[in-house]
Amino acid sequence: MKHFFSPMIVLLLISCGAQKNEKSILSLSTFKDTTSYALGADLGENLKLQGVELDYDKFMAGLTDGYSTG
């Protein structure tokens, strides 16, 4: 399973690095920072492309709860 996620994360980082986002300036100084942002950006873009409408606060609460209990 580890061999599956490593290439996937690299591809996510490359694809997100190619996109310019002038809305926010983030300090992505660690691998954890970069990976966290890349996964969030990819998830957000995919949800938007699928036309999913979300209540951001409830989505983040569910994500936080799911991650902490998983």
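Here the label points at residue 29 and residue 49, each 7 Å from Cα along the C-beta direction, are separated by 3.3 nm in the simple model. When a/c is below 1.5 the answer is rounded, else prolate if a/b is larger than b/c, else oblate, so apply that to segment 29-70 with a ≥ b ≥ c taken from the square roots of the Cα gyration tensor eigenvalues. Since a/c reaches 1.5 but b/c is at least a/b, the shape of segment 29-70 is classed as oblate.
Highest average first, the peptides 36-43, 62-69 ordered by how many other beta carbon atoms sit within 10 Å of their residues are 36-43, 62-69.
Every read-out reported here was derived from the displayed coordinates using simple, explicitly stated rules and does not represent laboratory data. Remember, predicted model here, so these are calculated numbers, not experimental data. In this analysis, Cβ positions are derived from the backbone assuming ideal geometry, glycine residues included, and neighbour counts consider all displayed protein chains.
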